[in-house]
Amino acid sequence: MTIRPKPPQRLFIPGPTDVLPEVLAAQTRPMMGHRSKEFEALFAKCEGQLKQLFYTESRVYIVASSGTGMHEAAIRNAVGGRVLNFVSGAFGRRWYDVSVGCAKEAIRVDVEWNTAVKASHVVEALEIALDDGPVDAVTVVHNETSTGVIAPVGEIAAAVRTVSPETLVLADAVSSFGGVKIPVDEWGVDLCLTSSQKALALPPGLAFAAVSDRLLERAAGISGRGWYFDFLNLEKSLVKNTTPATPAISLMNALSLQLDIIFEEGLEARFARHARCAGLTHEWALENGFALMAEAGYRSPTVTTVANNQGVDIADLNRFLGERDMKISNGYGVYKDKAFRIAHMGETDEGDMARLFVAINAYLGREE
């Protein structure tokens, strides 16, 4: 394995994450024509590697957008009538808001924050909804960035197929993809979306979605798909190894290199590293008298939400950490100042976590 220079982690926030210097530098490569054989080769390489990372034999669309753009793409292409949006945090709520914004009949199903959406929740809500007619799709967030809770999407997808085989399963894996194994085909997920700036450790600006054949067939019968996010439009270009609109070529260069780095590390090794860093974070929090907000058994391998039961001034803590070139995140929304979030994703390793914990302990006056 190539030994790469890796500066100490600075950002322990749930995105954007730090990016390796050579990956940042890849963006400065000379520009190429986006209708050239050179670009087609770059696109084909990246799409092929992304399919491996999604564990899918179908296709992966690559779009210049945020993950939220793919929320809209999913709704416009998969939903002609009704959609069940499961909300257990800020980004489940985001998907519901997008569904409403796309003028779909969105049914919001709230699940207590800091707990996972489970198959039982989905079955109950889906059975009730089916009494009033078909449900085109359900949306669920695999890894809720706002709470640090990971949902059992494989179990959810299996439950949906049992109750309503025609209902599509759409999953948001923005803050988990690249940090934990997500076997899209094995789970039977029809769409799994993510973006570049979290566990993939890339600059922001790219979004990706693994899309099943049956979702593509469904899209052909749905009006109002738009143009930029129309999967049929994307598919026509994909088979030619290109995109309908001008792609983010510089970001694609960075993606290509980072995917090589990820596969060189090895997927299982990368997932195991994320799990170790999560374990270290949990241990540190509990050993220092804090509590973990996320439900036991469903704690994210990429971001940990810590209850601020000791009344730490999080803004002042971040000022202290900033002087040492580090930063963590405050709690999200209603949890501002009541919790803080420590991300352990991307290129973060055990040494980075140790450095952060030494600094926080110094602030708390608990130096060993």
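Data for the structure
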| item | result |
| --- | --- |
| Condition broken by residue 289, with the remaining ones in (1) farther than 24 Å from residue 144 by Cβ; (2) assigned to a strand (DSSP E or B); (3) not hydrophobic (A, V, I, L, M, F, W, C) satisfied | (2) |
| Selected residue [assigned to a helix (DSSP H, G or I) and in the same structural domain as residue 178 (by TED's automatic domain parsing)] from 225, 218 | 218 |
| Candidates 53, 126 - the one that is at pLDDT 95 or above, more than 30 Å from residue 254 (Cβ to Cβ) and out of contact with any Lys or Arg (no Cβ under 9 Å at 6 or more places or on another chain) | 126 |
| Matching entry among 100, 79, 87 (being modelled with pLDDT of 95 or more and crowded, with 23+ Cβ neighbours inside 10 Å) | 79 |
| Number of positions in segment 131-175 that are under 30 Å from residue 13 (Cβ atoms), touching a residue at least 40 places away in the same chain (Cβ under 8 Å) and crowded, with 24+ Cβ neighbours inside 10 Å | 18 |
| Output for segment 115-146, where each listed residue is assigned to a loop (DSSP other than H, G, I, E, B) and touching a Leu at 6+ places or on another chain (Cβ under 9 Å) | 135, 136 |
| Restricting segment 77-114 to residues that are outside any strand (DSSP E or B) and among the aliphatic types (A, V, I, L, M), the residue that is farthest from residue 299 (Cα to Cα) | 103 |
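The values are calculated or read from the model by the stated rules, or taken from the named source; none is laboratory data. This is a predicted model, so every value here is computed, not measured. Quick reminder, even Gly has a Cβ in these numbers, built from the backbone with ideal geometry, and neighbours come from all protein chains shown.
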